[in-house]
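J.: What follows is a structure written as C-alpha cells; I'll ask about it next.
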Amino acid sequence: LRPQLKAKDARREADIRVILSAMGMCFNDDGQYPDITTDGAAPNSRVTNTSIASGVKTYLSPFPKDPDGGNYYGKANAANRQQYCIYAILGSVSPTTYFCASEKGVKSSTTAPLLGACCF
C-alpha cells in the first residue's frame, strides 16, 4: 500500500507544479491570477468553481484533480487576485504535510496554508 500512496503523492506534487506554471502564465497575460472560490469547509476548503479552470484553460486543460478523485484544496482569492493558494494534502507522510503552490512558488510544509502565506 505504501508504494501506491507515494505514487499518488508524486502525482499530486506534479499536478501542483503544473498549476503553478499555468497560473504564472495567466498572471503574465492578465496582470492577475484567475478567480478562485472554494466550498468554505475550513480548514481544508476545496476549489469548487470552474472560473479557475476557464482562466487557465489555454495553458492547462483539463484542470487536474486529486488522484483520489476530488478537487485540490485552495484559498479563495476573489478580493485579491494578486495572490493565490492551491495545495494538496500528501497521504504518504506524517504529520499532515501540505504541498502548496502560490505566487511565491511551490513548497511543502506541515503548517496549514493561508492566502498570502501559502506554506511560506
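J.: Which entries in Lys6/Lys107; Lys6/Lys75; Lys6/Lys104 show an alpha-carbon gap greater than 22 Å?
T.: From Lys6/Lys107; Lys6/Lys75; Lys6/Lys104, over 22 Å: Lys6/Lys75; Lys6/Lys104.
J.: I've got another one for you. Once amide H atoms are built 1.01 Å from N in the peptide plane, which residues 5 or more positions from Ser45, or in another chain, come under 5 Å H to H?
T.: Amide H to amide H, under 5 Å and 5 or more residues apart or across chains, Ser45 pairs with Gly74.
J.: If you don't mind, another one. Grab the DSSP H runs of the chain that are 4 residues or longer, score each as -39,500 (n - 2.57), total them, divide by all residues and round the 222 nm result to the nearest 500 deg cm²/dmol.
T.: The helix contribution divided over the chain gives -10000 deg cm²/dmol.
J.: OK, next. Would you mind counting up the charge near Val106? Only other residues with Cβ under 10 Å from its Cβ, with Lys and Arg at +1 and Asp and Glu at -1.
T.: +2
J.: In degrees between 0 and 90, to the nearest 10, how far off the longest principal axis of the chain does helix 2-30 point, with axes built from Cα atoms?
T.: 10
J.: Which of Ile52, Ile19, Ile86 ends up with the largest GNM mean-square fluctuation for the chain, with Cα atoms connected below 10 Å?
T.: Ile52
J.: Connecting C-alpha atoms closer than 10 Å in a GNM of the chain, tell me which of Ala78, Ala22, Ala41 has the biggest fluctuation.
T.: Of Ala78, Ala22, Ala41, the most mobile in the Gaussian network model is Ala41.
J.: I've got another one for you. Of Val106, Val93, Val56, which has the largest mean-square fluctuation in a 10 Å C-alpha GNM of the chain?
T.: Of Val106, Val93, Val56, the most mobile in the Gaussian network model is Val93.
Every number here is computed from the coordinates shown, using simple stated rules; none is lab data. Bear in mind the structure is a predicted one, so any value in this text is a computation, not a measurement. Cβ atoms come from the backbone with ideal geometry, glycine included; neighbour counts cover every protein chain shown.
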